[in-house]
1. Name the single residue, out of those in the stretch A:202-218 being of a type in the set (Ser, Thr, Tyr) and not in a helix (DSSP H, G or I), that is surrounded by the most Cβ atoms within 10 Å (Cβ to Cβ).
2. Can you name every residue in the stretch A:160-184 that is at pLDDT below 85, more than 7 Å from chain B (Cβ to nearest Cβ) and under 30 Å from residue B:196 (Cβ atoms)?
3. Output the number of residues of the stretch A:144-163 satisfying the condition of being of a type in the set (D, E, K, R) and in a helix (DSSP H, G or I).
4. (1) buried (at least 24 other Cβ atoms within 10 Å of the Cβ); (2) touching a Lys or Arg at 6+ places or on another chain (Cβ under 6 Å): which one isn't true of residue A:39, the others all being true?
5. Scan the stretch A:185-244 for residues that are under 25 Å from residue B:134 (Cβ atoms), free of Cβ contacts under 8 Å to residues at least 40 places away in the same chain and away from every other protein chain (no Cβ under 11 Å) and jot them down.
6. Which condition does residue B:151 not pass, out of (1) more than 8 Å from every other protein chain (Cβ to nearest Cβ); (2) touching a residue at least 60 places away in the same chain (Cβ under 8 Å), if it passes all the others?
7. Given the conditions (1) under 16 Å from residue A:127 (Cα atoms); (2) surrounded by fewer than 20 Cβ atoms within 10 Å (Cβ to Cβ), and given that residue A:70 satisfies all but one, which numbered condition is not satisfied?
Number of protein chains: 2
Amino acid sequence: LVKHDQFDRLRVVLVRTRNPLNIGAVARAMSNFGFFHLRVVNPYEAAFREARSAVGASEVLASAQEYKSVAEAVADCTLVVGTTAVGRRELQQPVKRLESAAQLIRKRLASSRIALLFGSEKIGLKNEDLSHCHWLLRIPTREEHRSVNLGQAVAICLYELAREHKPMGKAEKLQAAGEPARADELERLSTMLLNALATSGYLKTCSDASEEKVRCLVRRLNLAAADAETLLGMLRQMLWKMKP
Amino acid sequence: LVKHDQFDRLRVVLVRTRNPLNIGAVARAMSNFGFFHLRVVNPYEAAFREARSAVGASEVLASAQEYKSVAEAVADCTLVVGTTAVGRRELQQPVKRLESAAQLIRKRLASSRIALLFGSEKIGLKNEDLSHCHWLLRIPTREEHRSVNLGQAVAICLYELAREHKPMGKAEKLQAAGEPARADELERLSTMLLNALATSGYLKTCSDASEEKVRCLVRRLNLAAADAETLLGMLRQMLWKMKP
């Protein structure tokens, strides 16, 4: 995740949100991804009170600030970005896809405060709201179904901002599988398997089987060392049981 | 967006979902990003009925299929991926970050059917559910707040899958050669192996062994369908030989 003090410069601004569940969902996603500054503009009053007083309401919600207008809510920010599901209606600002929008936002967050605006559930941001924005971003949905649920839209945008571009480190990939098995371990396993197959009569009944085929099969398993050891123990026990 | 017929191979599987609003939110996100196949395993019945009959319930919801077990819900898929908020508790499977997980999934979707599992709101996927998975993915959240709302988690995962394709890193290895084995083939293999282990006395002597561990082990093998078939035959023969 990007360093926290960068995220600390983002203001998530909800404009005229009506549903308290959505305000709660937004706050939760913010906390998930490490953004703590929520601003609400003219929320449906009861909704905001209800969301704030919900059991387990987060720090994000508790410290949310309320504003009377978009202008006031974004006053201290140097970049204001609106979100839209833009259909074909004319927009005055450039619209960027979330992927590239997030790169620009991340870059600017290194040094300045940015507001990210989300409109109401029903109609989104109005033209008057949009006029406060430097540019707009849209989440890349299907053409036929552009309207994204508010809580999900915020979650997706914040995920994209927090998203890492570099591939996962080696340590993480090996976390569960462990060190890969060495060749000598695989060879021991192949030998044990061949032994068990011979004892069971499989090699005789299956004309297609050969030592090489079994060895190749074992290599294809991509075994971790620990798993190879486990399989070896299983086969040893079966072999013991099969012996007269 | 990636071509639609690839998305058509993804099955979103909800396990024991309780809240109808969440089922509805999942269906909406699926429609936003162009995924249409929803499967539900043992949903809280009333919730599922309510979600389905909601005004404006989408095509996705209307065509959702219901299953009694995870095994049945993933039977026709060749890759089963579970989602988890993994804390530090031990997991048997490798856990990949969403970014790299999505690359692997997209690649496999080009030719085979994949199941993406999401657990219940309260406890997520149980160990028994996880044992049906080849590997797990996690959404990269803050350490201190890992639990993501179900509807938001699905939206984020699908967004990432639909997101601009980036070339796959060298680190991501290709799967074993040949058509990958389907989940029901792996389940048959697991059952046969457990049978053989029980008959051999392995399960008694090795206190550490459990059904889930064996199932996870089999999933870690990344088996091609042909190899799964071969191993099944080998075990069948050994089992026959072990029987008195």
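The values are calculated or read from the model by the stated rules, or taken from the named source; none is laboratory data. All of these numbers come straight from a predicted model, not from anything done at the bench. No Cβ is skipped: glycine too gets one built from the backbone with ideal geometry, and neighbour counts run over all protein chains shown.
1. Among them, the one singled out is A:210.
2. A:174, A:178, A:179, A:180, A:181, A:182, A:183
3. Result for the stretch A:144-163: 1.
4. Of (1) buried (at least 24 other Cβ atoms within 10 Å of the Cβ); (2) touching a Lys or Arg at 6+ places or on another chain (Cβ under 6 Å), only one is false for residue A:39: (1).
5. Scanning the stretch A:185-244 gives A:190, A:215.
6. Condition not satisfied by residue B:151: (1).
7. (2) is the only condition that residue A:70 fails.
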